[in-house]
Amino acid sequence: MAIHGSAADEGSEPEVPLTVLDVSDQAFETQAVIDTGFSGELILPSETILRLGYPYAGAVGGTLADGSEAQVDYYEGRVLWHGQRREVIAIAAEGQPLIGMELLLGSRLVVEVTPGGEVVVEKATRGGAGT
């Protein structure tokens, strides 16, 4: 089951629809940017995490894209990924939802890097985590 999205108008920031599940497994759709520079699974705005009712799991220090250090809270979340319910670590941070490399593990990513270009995330045909 492939996920189809598109690159932003300027040809950057590939975006795809993402189905997040609340604590009772009710599904909600959101748009998420694929960030290959983010090694984690998922970043969601704090307001979204609270609305979904995700339980607090802890805090961890990390390095941001600008090189600065920050302490971030993380939560036990869940998404639909390749048609399957999947437990994820959701980091709370303001801005647009981000999908990181840990969530993409076991996937094939194709990005047409042109304004409005096609973005496809599908289950990898070879083995690996998340498959």
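Given the conditions (1) of a type in the set (Phe, Trp, Tyr); (2) part of a loop (DSSP other than H, G, I, E, B); (3) over 29 Å from GLU118 (Cα atoms), which single one is not true for TYR75?
For TYR75, the failing item is (2).
List the number of the failed condition for GLU102; all other conditions in (1) more than 27 Å from ASP9 (Cβ to Cβ); (2) assigned to a strand (DSSP E or B) hold.
Result: GLU102 fails condition (2) only.
Take the residues in the range 46-72 that are among the polar types (S, T, N, Q) and more than 17 Å from the chain's Cα centre (by Cα), then tell me which one is nearest to ASP35 (Cα to Cα).
THR63
What residue, of VAL119, VAL113, is out of contact with any helix residue (DSSP H, G or I) (no Cβ under 7 Å at 6 or more places or on another chain) and not in a strand (DSSP E or B)?
VAL113
Restricting attention to the range 1-54, which residues are within 17 Å of VAL72 (Cα to Cα), open to solvent by less than 50 Å² (accessible area, probe 1.4 Å) and not in a strand (DSSP E or B)?
Answer for the range 1-54, where residues must be within 17 Å of VAL72 (Cα to Cα), open to solvent by less than 50 Å² (accessible area, probe 1.4 Å) and not in a strand (DSSP E or B): PHE38, GLY40, GLU41, PRO45, SER46, THR48, ILE49, TYR54.
Determine the pairs where a residue that is within 17 Å of GLU102 (Cβ to Cβ), located within the range 43-58, has a partner that is modelled with pLDDT under 95 and surrounded by 12 or more Cβ atoms within 10 Å (Cβ to Cβ) with Cβ atoms under 7 Å apart, the partner being 6 or more residues away or on another chain.
ILE43/ALA93
Can you name the residue in the range 55-72 that is assigned to a loop (DSSP other than H, G, I, E, B) and open to solvent by 90 Å² or more (accessible area, probe 1.4 Å) and, of all such residues, is modelled with the lowest pLDDT?
ALA65
Are there any pairs with C-beta distances below 8 angstrom linking a residue in the range 90-110 that is farther than 12 Å from LEU18 by Cβ to a residue that is of a type in the set (A, V, I, L, M) and part of a helix (DSSP H, G or I), with the two at least 6 apart or on different chains, and if so which?
ALA92/ILE49
Those residues that are open to solvent by less than 50 Å² (accessible area, probe 1.4 Å) and in contact with an Asp or Glu (Cβ under 8 Å, 6 or more places away or on another chain), I need them from the range 74-110; list them, please.
Across the range 74-110, the qualifying residues are GLY77, ARG78, HIS82, VAL88, ALA90, ILE91, ALA92, LEU98, ILE99, GLY100, LEU103, SER107.
The values are calculated or read from the model by the stated rules, or taken from the named source; none is laboratory data. None of these values were measured; they are calculated from a predicted model. Counting neighbours? That spans all protein chains shown, and the Cβs are built from the backbone with ideal geometry, glycine included. In case anyone asks, the SASA skips ligands and DNA or RNA and just uses the protein heavy atoms, side chains included. Shrake-Rupley method; radii C 1.70, N 1.55, O 1.52, S 1.80 Å.
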